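Novice: After the structure tokens below, expect a handful of questions from me.
The values are calculated or read from the model by the stated rules, or taken from the named source; none is laboratory data. Everything numeric here is computed off the predicted structure, so don't read it as measured data. FYI the Cβ positions are ideal-geometry reconstructions off the backbone, even for glycines, and counts take in every protein chain you see. Protein only, heavy atoms only, side chains kept; ligands, DNA and RNA dropped before computing areas. Shrake-Rupley method; radii C 1.70, N 1.55, O 1.52, S 1.80 Å.
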Amino acid sequence: MKPLRFFIPIVMALIAVLCFAPTAWAFCGFYVSKADTKLYNKASQVVIARDGDRTVLTMANDFQGEVKDFAIVVPVPTVLQKEQVHVAEPKIIERLDAFSAPRLVEYFDSDPCAQLYEYDKPQAAPAPASRNEAGGTRGRADSLGVTVEARFNVGEYDIVILSAKESGGLETWLNRNGYKIPKGAKELLQPYVRSSMKFFVAKVNLDKFEASGYQLLRPLQISYKSPRFMLPIRLGMINAASEQDVIVYILSPKGQAETTNYRTVKIPSNTNIPLFVKDEFGEFYKSMFQTSYNKEDRKVAFLEYAWDMSSCDPCSAEPLSQEELKQAGVFWLDGDSANGVPAPRSFRPPVSSSSVFISRLHIRYTRNKFPEDPMFQDTSNRESFQGRYILQHPFLGEVKCPAGREYKQSLPKRFEQEAQTLAKLTNWNIQDIRRKMKLTVGEITTSWWQSFFSWLGL
């Protein structure tokens, strides 16, 4: 234990030095908290690993209820074979969420009377033909215009791949075969039928689920080759009583991903906010996101994070290992592949994880504001971005120099600016914010705090 106690101060000192180095380290700070998907009662998560026209899509459902009632219908561009479907571990999506979540960081003002050298000064952050396993033949429901292209089992899921001539027949077939499809599915299925897409349909095999020992349903992962780079979200609107959230983690060997049929907007970031938000960061982020969502007329995709996956600054979680990236669907680390399925390791030497760039897109959608499925493209832009919010602690020690007196006189204006910024970001009442700021510093007895609140008229 002694060596460890000795080591920690060294690490902290090193971090302090790096955080006040030139602009290459401008994103540095002491990580405090993150705004991950646990903030939302219902938030679907999808991982898309894509290189060229090859895609590995991992879907984490937020199903709540009896597993016997679970059914998922996903439009896909091609007939999938069994070897193109896998069951993924939930931990991988949790790791991506933790790594890319918007974060809260802390800075601490140094003694304004201490001599500052140029290299010690903190730098401002920058602005912001298919097989049928069950007999080798394709089943057909001629009267409904539905064809069973394939049928197989993967893990705890029974899966069928369907094609259909019209959406009404598909809806009828699904209901007749025990899939609990909400009313109104016909209208939303119709565009996919017209574009000749196939339908990946899964439900739980109860015997296999009980034998697996898992308590929750695991994510499904599918691999395919298609020029279409899109996410079919419209079926999620069938029985949606309110706005839906989906977090999309796009992994690319190139750079940032963006939507092409909707605007992609960076979430507000790199702003100083009052200290009390440390205890209310979840509520702050939800309010800020809703305010930004309304401001953008509720029809944009928000970029919450964009970064090379070999590093992070500040880190809300450790970067994923090579093995974890592969589990997330990154198939190009070991070379080429066919039909989106990873190739043998002997094909080409492994590539550094710096060939993986993550874009975290947060889409909140309703049927009237998001009438089309989001289409994506990856770009060569490797600019780093993160949703990052800053707590700047004032220096509380005694000051006996002109610079120190000027520093104290500047604080009331700084605190008021933080209050105004928070009100603008969240639409919270400015007077409530000021009162909370007074409570936050209530235990500090230095006289200039009282002067500050007298200046505010509180």
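Novice: Quick one: what pairs do we get from segment 166-189, first residue open to solvent by 40 Å² or more (accessible area, probe 1.4 Å), second at pLDDT 90 or above and not in a helix (DSSP H, G or I), C-beta under 8 Å, 6+ apart or different chains?
Specialist: Going by the 8 Å Cβ cut-off, the qualifying pairs are GLU166/GLY145; GLY178/LYS203.
Novice: Pick out the one residue from VAL246, VAL193, VAL201, VAL277 that is open to solvent by less than 10 Å² (accessible area, probe 1.4 Å) and assigned to a helix (DSSP H, G or I).
Specialist: VAL277
Novice: Can you name the residue in segment 367-384 that is among the hydroxyl-bearing types (Ser, Thr, Tyr) and open to solvent by less than 80 Å² (accessible area, probe 1.4 Å) and, of all such residues, is farthest from VAL300 (Cα to Cα)? Can you show your working first?
Specialist: Initial filter on segment 367-384 (among the hydroxyl-bearing types (Ser, Thr, Tyr)): 379-380, 384.
Next, from what is left, pick out any that are open to solvent by less than 80 Å² (accessible area, probe 1.4 Å): 379, 384.
Working: THR379: 18, SER384: 20 Å.
Once the filter is applied, the top-ranked residue is SER384.
Novice: Right, something else. Would you mention how many residues in segment 251-263 are of a type in the set (Ser, Thr, Tyr), under 17 Å from VAL46 (Cα atoms) and out of contact with any Pro (no Cβ under 6 Å at 6 or more places or on another chain)?
Specialist: Number of matching residues: 1.
Novice: For segment 394-434, how many residues are at pLDDT 95 or above and in a loop (DSSP other than H, G, I, E, B)?
Specialist: Within segment 394-434, residues that are at pLDDT 95 or above and in a loop (DSSP other than H, G, I, E, B) number 3.
Novice: Acidic (Asp, Glu), at pLDDT 90 or above and outside any helix (DSSP H, G or I): is that true of GLU83 in this structure?
Specialist: No; evaluated as a whole, the condition is false for this residue.
Novice: On the basis of being open to solvent by 50 Å² or more (accessible area, probe 1.4 Å), out of contact with any strand residue (DSSP E or B) (no Cβ under 9 Å at 6 or more places or on another chain) and at pLDDT 90 or above, does SER110 make the cut? Steps first, answer last, please.
Specialist: Numbers: open to solvent by 50 Å² or more (accessible area, probe 1.4 Å): yes; out of contact with any strand residue (DSSP E or B) (no Cβ under 9 Å at 6 or more places or on another chain): yes; at pLDDT 90 or above: yes.
Yes; evaluated as a whole, the condition is true for this residue.
Novice: While we're looking at this one, here's another question. What is the residue count in segment 86-115 for residues that are over 30 Å from PHE385 (Cβ atoms), in contact with a Gly (Cβ under 7 Å, 6 or more places away or on another chain) and not in a loop (DSSP other than H, G, I, E, B)?
Specialist: So the first thing to find is which residues in segment 86-115 are over 30 Å from PHE385 (Cβ atoms), and the list is 86-87, 111-115.
Subset that is in contact with a Gly (Cβ under 7 Å, 6 or more places away or on another chain): 87, 111-113.
From what is left, the residues that are not in a loop (DSSP other than H, G, I, E, B) are 87.
So the answer is 1.
Novice: Can we say LEU361 is hydrophobic (A, V, I, L, M, F, W, C) and either within 17 Å of TYR305 (Cα to Cα) or at pLDDT 95 or above (or both)?
Specialist: Spelling it out, LEU361 is indeed hydrophobic (A, V, I, L, M, F, W, C) and either within 17 Å of TYR305 (Cα to Cα) or at pLDDT 95 or above (or both).
Novice: Among the residues of segment 318-332, write down those that are open to solvent by 20 Å² or more (accessible area, probe 1.4 Å) and small (Gly, Ala, Ser).
Specialist: Hit for segment 318-332 is SER321, nothing else.
Novice: So, one more: Give me a count of the residues in segment 162-186 that are of a type in the set (Asp, Glu) and closer than 26 Å to VAL67 by Cα. Reasoning before the result, please.
Specialist: Pass one, segment 162-186, residues of a type in the set (Asp, Glu): 166, 171.
Now drop any that are not closer than 26 Å to VAL67 by Cα, which leaves 171.
Number of matching residues: 1.
Novice: Show the residue pairs meeting these rules: Cβ distance below 7 Å; 6+ apart or different chains; first residue within segment 415-430 and at positive phi; second residue in a helix (DSSP H, G or I) and polar (S, T, N, Q).
Specialist: From residues that are at positive phi, the pairs are ASN427/SER287; ASN427/THR291.
Novice: From PHE63, PHE70, which residue is open to solvent by 30 Å² or more (accessible area, probe 1.4 Å) and among the aromatic types (Phe, Trp, Tyr)?
Specialist: PHE63
Novice: Across segment 435-458, which residue is most open to solvent (accessible area, probe 1.4 Å) among those that are modelled with pLDDT under 50 and aliphatic (A, V, I, L, M)? Before the answer, list the steps.
Specialist: In the first step, residues of segment 435-458 are kept if they are modelled with pLDDT under 50; the result is 439-458.
Next cut, aliphatic (A, V, I, L, M) only: 439, 441, 444, 456, 458.
Working: LEU439: 139, VAL441: 12, ILE444: 42, LEU456: 41, LEU458: 77 Å².
Applying the filter and picking the extreme gives LEU439.
Novice: If you don't mind, another one. Given the condition surrounded by fewer than 16 Cβ atoms within 10 Å (Cβ to Cβ) and within 15 Å of the chain's Cα centre (by Cα), answer yes or no: does some residue in segment 285-306 qualify?
Specialist: Taking every residue of segment 285-306 in turn, at least one turns out to be surrounded by fewer than 16 Cβ atoms within 10 Å (Cβ to Cβ) and within 15 Å of the chain's Cα centre (by Cα).
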